[in-house]
1. For the pair residue 157 and residue 90, what calculated FRET efficiency results from E = 1/(1 + (r/R0)^6), where r is the Cβ-Cβ distance and R0 = 22 Å, to the nearest 0.05?
2. Would you kindly derive the ³J(HN,Hα) couplings of segment 120-132 from the backbone phi angles with the Karplus curve 6.51 cos²θ - 1.76 cosθ + 1.60 (θ = phi - 60°), listing them in order in whole Hz, with x for Gly and Pro?
3. Starting from the Cα-Cα distance between residue 100 and residue 81, subtract it from 0.36 nm times their residue separation and give me the gain in nm to one decimal.
4. Report the calculated FRET efficiency for residue 71 and residue 145 (r = Cβ-Cβ distance, R0 = 30 Å), to the nearest 0.05.
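Taken together, the values in this text are just the output of simple stated rules run on the coordinates, not laboratory data. Predicted model only: the values in this text are computed from it and were never measured. All Cβ positions, even for glycine, are placed from backbone atoms using ideal geometry, and neighbour counts span all protein chains on display.
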Amino acid sequence: MLRKGYSRSALLAIGMGALFALASTGGAPRAIAATQVPFTAQFSGAITFSPTATGFPVHVNGSGDGSHLGRSTNSGTVLLLNETNTACPTTGFVVQNTQTLTAANGDQIFLSITDHPCPAGGPGLFSGSDPYTITGGTGRFTGATGQGTFVGNGNFNNNTFTYTFSGAISVP
């Protein structure tokens, strides 16, 4: 049965066009690229030291707010790397910082930072500003990617930190 107003040849042409479109994409619909949107977050909390036989990891746990997260928490591990901090080679250090940001509903964003903190304003105070990379997530952040700038401040006199993230996030 023909649709009213369409000839058999018009319907055949529409159908052939659809088949051609599928064939040109390998038979699968084209993936829609994720759009990058601004991402910002601020956290503060406690630093805990946990020396082990294989290293000296530092753990950070705090709370704050983030775009797309709302009120949330962060937890992470900071490992001292055997590298020279060229910005302040005699008084700074280089760390690998992995962070998990967790929204109130449990959805998470995973980040990785290679940070180069230097002394900042007095004994026991350090600050660093380096790029971060979003490496994935869970829930609505599954498959997330992104990047931006991380600013971290550590006060080893009272074992506290503040972190700020600003950049972009994409979720497929």
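1. 0.60
2. 3J(HN,Hα) across segment 120-132, in whole Hz: 8, x, x, x, x, 9, 9, 9, x, 9, 8, x, 10.
3. Full extension of this stretch gives 4.9 nm more.
4. 0.80
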